[in-house]
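Chemist: Just passing along the structure, written as structure tokens.
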Amino acid sequence: MTFLGIEGSINLRDFGGYRAFDGAEIRRGCLFRSGAMVNLTANGLAQFKMLDITTICDLRREEEVSMSPTPAVLDPHRHHIPISTASTMALRASLRDKKQNAEHRAVHMRAMTEELARHHHDEYRRLFECLLGTKGGFLLHCSAGKDRTGFGVAMILLALGVPRQVVVQDYLLTNKAECLRGFMVDRMGSTLDRESLEVLMGVRADYLDGALNVVEEDFGSVEDYLDSIGVTPNKRTALKARYLAG
């Protein structure tokens, strides 16, 4: 994993470099993840162009896109696959409820990630269709690049044969993205208590573990989940041929 110091980026990193079960390594400079790109500076956009990203999957809701639009120069590469969860609405209500604390809000965060696994199969099917169809670099993003993006990246890594414990380690790297603090303060306001802010700007292993447990409970295995959203064994082989080296 490599965080990319591109001016104005949020949680932008290359998620290549991990090894699959067979020892092959995911190629670097091909697969990227991030938060919103509305704050990219002119220099940041020039740096971003050097990544040769030709496919951008944007998982944000319409109102998120309106509030933080993608720079127009990147729009030709953008595929909008909006994901809205009921748990997000519950989390918003929790933030207004002064009787609830950070741990109540963490419960909503876990529920959100589990909901992605249980109810948003069509959206992740479309994501993999974009991935299979891309000719250059591929970027997956949402607003903070950690929840909707985190589950999507986990499924890509698992499809490439990366061990689950390594996938969870990659997921947790979001907690090292210091730029998220300012982003969350801007979105949620500085009056939110510190503990709740930490919950909102970070991730926990049990969030992703909960989602992967849902996958196994509902489908039997990650492979069966991938089959159900159209990522057949032949397509997984094609992905491995493209993104694995050695």
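The values are calculated or read from the model by the stated rules, or taken from the named source; none is laboratory data. Just so it is clear, the structure is predicted and the values come from calculations on it, not from any experiment. Reconstructed Cβ throughout: ideal geometry from the backbone, glycine too, with neighbour counts over all protein chains shown. Heavy atoms of the whole protein, side chains included, go into the accessibility calculation; ligands, DNA and RNA do not. Shrake-Rupley method; radii C 1.70, N 1.55, O 1.52, S 1.80 Å.
Chemist: Sort out which residues of segment 145-172 are open to solvent by 10 Å² or more (accessible area, probe 1.4 Å) and within 9 Å of the chain's Cα centre (by Cα), and write them in order of number. Reasoning before the result, please.
Modeler: Residues of segment 145-172 open to solvent by 10 Å² or more (accessible area, probe 1.4 Å): 147-148, 158, 161, 163-166, 168-169, 172.
Residues satisfying the conditions are Asp147, Arg148.
Chemist: Scan segment 1-17 for residues that are of a type in the set (D, E, K, R) and open to solvent by less than 30 Å² (accessible area, probe 1.4 Å) and report the count.
Modeler: Of segment 1-17, the ones of a type in the set (D, E, K, R) are 7, 13-14.
Then keep just the ones that are open to solvent by less than 30 Å² (accessible area, probe 1.4 Å); that gives 13-14.
Qualifying residue count for the region: 2.
Chemist: Ok, one more. Which members of segment 107-129 meet the condition of being touching a strand residue (DSSP E or B) at 6+ places or on another chain (Cβ under 9 Å) and open to solvent by less than 20 Å² (accessible area, probe 1.4 Å)?
Modeler: The one that is touching a strand residue (DSSP E or B) at 6+ places or on another chain (Cβ under 9 Å) and open to solvent by less than 20 Å² (accessible area, probe 1.4 Å): Leu127.
Chemist: Have a look at Ser143, Ser190, Ser196 and point out the one that is at pLDDT below 95 and not in a loop (DSSP other than H, G, I, E, B).
Modeler: None of the other options fit; the residue is Ser196.
Chemist: Still on this structure, I have one more. Only one of these conditions is not met by Ile53: (1) without any contact (Cβ under 8 Å) to a residue 60 or more places away in the chain; (2) open to solvent by less than 50 Å² (accessible area, probe 1.4 Å); (3) within 18 Å of Arg13 (Cβ to Cβ). Which number is it?
Modeler: (1)
Chemist: Related question: Testing Gly133 on (1) surrounded by 15 or more Cβ atoms within 10 Å (Cβ to Cβ); (2) closer than 28 Å to Val65 by Cβ, one condition comes back false. Which one is that?
Modeler: The one condition Gly133 does not meet is (1).
Chemist: Which residue, of Ala42, Ala24, Ala36, Ala20, is farther than 13 Å from Val153 by Cα and either polar (S, T, N, Q) or surrounded by fewer than 15 Cβ atoms within 10 Å (Cβ to Cβ) (or both)? Break it down into steps so the answer makes sense when it comes.
Modeler: On the way: Ala24 fails: either polar (S, T, N, Q) or surrounded by fewer than 15 Cβ atoms within 10 Å (Cβ to Cβ) (or both); Ala36 fails: either polar (S, T, N, Q) or surrounded by fewer than 15 Cβ atoms within 10 Å (Cβ to Cβ) (or both); Ala20 fails: either polar (S, T, N, Q) or surrounded by fewer than 15 Cβ atoms within 10 Å (Cβ to Cβ) (or both).
Of the residues listed, the single one that is farther than 13 Å from Val153 by Cα and either polar (S, T, N, Q) or surrounded by fewer than 15 Cβ atoms within 10 Å (Cβ to Cβ) (or both) is Ala42.
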